[in-house]
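Input: a single structure, listed below in structure tokens.
The values are calculated or read from the model by the stated rules, or taken from the named source; none is laboratory data. All values reported here derive from a predicted model rather than from experimental measurement. Heads up, the Cβs are rebuilt from the backbone with ideal geometry, glycines too, and the neighbour counts pull from every protein chain shown.
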Amino acid sequence: MNKISIIGAGMTGSTTAHWLAERELADLVLVDVVEGMPQGKGLDLAEALPIVNKDVEIVGSNDYAATKNSDIVIITAGLPRKPGMSRDDLLTANAEIVGKAATETLKYAPDAIYIVLTNPLDTMAYLTMKLNKLPRERVIGQAGILDSARMRAFVAMETGVSVENIQCYVLGGHGDEMVPLTRLSNIAGISLKDYLPADKLEAIVNRTRKGGGEIVNLLKTGSAYYAPAAACAQMAEAILKDKHLIVPCAAYMDGEYGLKDMFFGTQVQLGRKGMEKIVEYKLDADEKALLDKSAASVKEMHEALKKLVKI
Ligand code: TXD
């Protein structure tokens, strides 16, 4: 059986375990610093498995040794946003938490592929790769599947068409300057630009960009977790089943779109090696300008990280 360790057993971590257990894909380990909590959630999930007829092992622990020989490590540990905060406000606190999670897990799971969820997402993925000195194939950030799913959901709400017919692609950094690609996003092959009136499409783009904040403002005590966790589970499945699935994720850029030495949201192909390749679009000048703007703000956050941590 494959093994997936989830670091941080809070809202996204435990919900990821839930989605993964339903897929019967791997044995699961939940690690958290809070005493008893990961053990309790692990046991509760394990006790649900007879009801849904799935056979995987699920355990919780406060000790990183439990992650031994994991195939995948998913890092969700860290603070979430509260109303009024941007994702970038989390940098200092989360750099320390993610840094520890990354280096501790590598000791026990030297071959693991890392999926990073903690915000500020692109910069935490960069930190994980740099601190652990991993090849870029082995570190992927989750953001694009979620942002694209939000856009797909909003298009479905607007049009009444099945989400299965709706493909949306959101690239760029996981911040308010993310880039929903309206020309390439489509309903059954018809570009959203042709399917929807300009004002409706613009409203969907704006709502997508602020989709995370919309939920933070409603929940008041934390951020979204069902959809982010479902996205992590899809990534883990694509990797373990070697699906060669093309999905938007944050990946280390090495010249793609003219960007270097940074994590950024792009289409990637996921398989057993992790991030197998970056799939580049031919963008028009307007789309490229939006990506460059988003890249500039991610770069700024990477520079702020480098002032905090030696990498
Ligand atoms: O799309 C995305 N990338 C995101 C990212 C979508 C949703 C949430 N996103 C970010 O994930 C969010 O901004 C946060 O930075 C993380 C975790 O969010 P979550 O909603 O799961 O936060 P919780 O419920 O507070 O859980 C975090 C857990 C909590 O149980 C802490 O005790 C634990 O992290 N924690 C640790 N675990 C292990 N090791 C250490 N050092 C540690 N420190 C805190």
Sort out which residues of segment 151-205 are under 30 Å from LYS260 (Cβ atoms) and among the acidic types (Asp, Glu), and write them in order of number.
ASP176, GLU177
Would you check if THR221 is out of contact with any strand residue (DSSP E or B) (no Cβ under 6 Å at 6 or more places or on another chain), of a type in the set (S, T, N, Q) and either within 19 Å of VAL247 (Cβ to Cβ) or in contact (Cβ under 8 Å) with a residue 12 or more places away in the chain (or both)?
yes
Being small (Gly, Ala, Ser), in contact (Cβ under 8 Å) with a residue 24 or more places away in the chain and on the phi > 0 side of the Ramachandran plot is the requirement here; does GLY78 meet it?
yes
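This table checks each residue for (1) more than 26 Å from ALA285 (Cβ to Cβ); (2) within 16 Å of the ligand (Cβ to nearest atom); (3) in the same structural domain as LYS107 (by TED's automatic domain parsing); (4) not aliphatic (A, V, I, L, M).
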| position | (1), (2), (3), (4) |
| --- | --- |
| ARG136 | yes, no, yes, yes |
| MET157 | yes, no, no, no |
| GLY160 | yes, no, no, yes |
| GLU164 | yes, no, no, yes |
| VAL170 | no, yes, no, no |
| GLU177 | no, yes, no, yes |
| THR182 | no, no, no, yes |
| SER185 | no, no, no, yes |
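To keep it simple, each residue is scored yes or no on (1) in contact with a Lys or Arg (Cβ under 7 Å, 6 or more places away or on another chain); (2) among the hydrophobic types (A, V, I, L, M, F, W, C); (3) within 20 Å of ARG209 (Cα to Cα).
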residue: LYS68; (1), (2), (3): no, no, no
residue: VAL73; (1), (2), (3): no, yes, no
residue: ARG81; (1), (2), (3): yes, no, yes
residue: LEU117; (1), (2), (3): no, yes, yes
Does any residue of segment 102-124 turn out to be on the phi > 0 side of the Ramachandran plot and either within 10 Å of the ligand (Cβ to nearest atom) or not assigned by TED's automatic domain parsing to the domain that holds SER294 (or both)?
no
For segment 296-310, indicate whether the set of residues that are without any contact (Cβ under 8 Å) to a residue 40 or more places away in the chain, crowded, with 16+ Cβ neighbours inside 10 Å and either more than 13 Å from GLY172 (Cα to Cα) or touching a helix residue (DSSP H, G or I) at 6+ places or on another chain (Cβ under 6 Å) (or both) is non-empty.
no
Among the residues of segment 235-243, is any within 16 Å of the ligand (Cβ to nearest atom), under 18 Å from HIS174 (Cα atoms) and not in a loop (DSSP other than H, G, I, E, B)?
yes
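Each row is one residue, and each column tells you yes or no for (1) surrounded by 16 or more Cβ atoms within 10 Å (Cβ to Cβ); (2) under 17 Å from ILE72 (Cβ atoms); (3) touching a Phe, Trp or Tyr at 6+ places or on another chain (Cβ under 7 Å); (4) among the hydrophobic types (A, V, I, L, M, F, W, C).
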{"site": "ALA125", "(1), (2), (3), (4)": "yes, yes, yes, yes"}
{"site": "ILE145", "(1), (2), (3), (4)": "yes, yes, no, yes"}
{"site": "ARG152", "(1), (2), (3), (4)": "yes, no, no, no"}
{"site": "GLY160", "(1), (2), (3), (4)": "no, no, no, no"}
{"site": "LEU171", "(1), (2), (3), (4)": "yes, no, no, yes"}
Counting just the residues of segment 1-23 that are farther than 14 Å from THR76 by Cα and in contact with an Asp or Glu (Cβ under 7 Å, 6 or more places away or on another chain), which one comes out nearest to the ligand (Cβ to nearest atom)?
LYS3
Please determine whether any residue of segment 141-152 is more than 16 Å from the ligand (Cβ to nearest atom) and either farther than 24 Å from GLY84 by Cβ or without any contact (Cβ under 8 Å) to a residue 60 or more places away in the chain (or both).
no
Out of ASP63, ASP32, which single residue is out of contact with any Pro (no Cβ under 9 Å at 6 or more places or on another chain), acidic (Asp, Glu) and within 13 Å of the ligand (Cβ to nearest atom)?
ASP63
Only residues that are exposed (fewer than 13 other Cβ atoms within 10 Å of the Cβ) and touching a residue at least 40 places away in the same chain (Cβ under 8 Å): list them for segment 270-295, please.
ASP284
If VAL98 meets every condition in (1) within 9 Å of the ligand (Cβ to nearest atom); (2) in contact with a Lys or Arg (Cβ under 7 Å, 6 or more places away or on another chain) apart from one, which number is that one?
(2)
